[in-house]
Amino acid sequence: MRQEVIISGFGGQGVIKAGVLLATTAMTENKHCTHFPSYGAEMRGGTANCSIIVSTDEIASPIVNEPDTVIAMNEPSLDKFEPKLKKGGLLIYNSSLISKKPSRSDIEIIAVPANEIAEQIGTTKCANMVVMGTYAAKTNAVSIDAIKASLSVVFAGKDKFLDINKSALDEGAKLK
């Protein structure tokens, strides 16, 4: 099993944190992983992204040129990374913030109203966890239970957010 993933969105949407969570979860499941963030000036509202590889085999390079999955949290991310997705790949996009439809017909597409779901749960800050739930349920690259267990590591000292993030993961998993 090998999953190459790009998660992208505006700085502040938690895309880097989602990548850290995915990599941390992969390690807890004794899988090989890489996490390669890109968030220089993007932290001030530009497009931040990270590349993650989860594999049962060793990984030679952290570079993701043709991802198996793209998670796009905003329209600039969709524009930038949809063309890079490999044929037959999976595109999960935040339909709360992306009004246009993806253009490719050779990929699987899941529209997730991540912000609306997160707001119903209690805060739009967990929209990243909604899409992570969808990703994990659809690909089985990591388990939802393992992600939930990893939350306390990745969000150490922020215990008050654990339950809301677990709820967001569960709601996202329903959309696979």
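The values are calculated or read from the model by the stated rules, or taken from the named source; none is laboratory data. Keep in mind the model is a prediction, meaning the values are calculated, not measured. Using ideal geometry, Cβ is built from the backbone for each residue, glycine included, and neighbour counts are taken over all protein chains shown.
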### Summary
In segment 99-126, anything touching a strand residue (DSSP E or B) at 6+ places or on another chain (Cβ under 7 Å) and either more than 21 Å from A137 (Cβ to Cβ) or not charged (D, E, K, R) (or both) is listed as P102, I107, I109, I110, A111, V112, A114, N115
## Note on the structure
Note on S105: of the conditions (1) over 14 Å from the mean Cα position of the chain (by Cα); (2) touching a residue at least 12 places away in the same chain (Cβ under 8 Å), unmet is (2)
### Task
Just give me the residues in segment 115-172 being free of Cβ contacts under 8 Å to residues at least 40 places away in the same chain and acidic (D, E), in sequence order.
E116, E119, D145, D159, D163, D170
### Task
For segment 138-152, state whether one or more residues are in contact with a strand residue (DSSP E or B) (Cβ under 9 Å, 6 or more places away or on another chain), buried (at least 16 other Cβ atoms within 10 Å of the Cβ) and farther than 17 Å from C33 by Cβ.
yes
### Task
Considering only segment 137-176, state which residues are farther than 22 Å from T69 by Cα and of a type in the set (S, T, N, Q).
S152, S167
### Task
Give I53, I92, I63, I59 a once-over and let me know the one that is under 23 Å from E119 (Cα atoms) and in contact (Cβ under 8 Å) with a residue 24 or more places away in the chain.
I92
### Query
If you take the residues of segment 124-165 that are at pLDDT below 95 and outside any helix (DSSP H, G or I), which of them is nearest to G12 (Cα to Cα)?
F155
### Matching residues, segment 30-46, being modelled with pLDDT of 95 or more and either crowded, with 17+ Cβ neighbours inside 10 Å or in contact with a His (Cβ under 6 Å, 6 or more places away or on another chain) (or both)
K31, C33, T34, H35
### Task
Give segment 122-137 a look and list any residue that's buried (at least 21 other Cβ atoms within 10 Å of the Cβ) and farther than 20 Å from V5 by Cβ, or say none.
none
#### Entry: Residues within segment 81-94 that are farther than 18 Å from I16 by Cβ and either surrounded by fewer than 17 Cβ atoms within 10 Å (Cβ to Cβ) or in contact with a Phe, Trp or Tyr (Cβ under 7 Å, 6 or more places away or on another chain) (or both), tallied
5
### Query
Out of the residues in segment 47-59 that are among the aliphatic types (A, V, I, L, M) and at pLDDT 95 or above, which is farthest from I109 (Cα to Cα)?
I59
### Query
Quick check: anything in segment 58-69 closer than 20 Å to E171 by Cα and either of a type in the set (D, E, K, R) or buried (at least 17 other Cβ atoms within 10 Å of the Cβ) (or both)?
yes
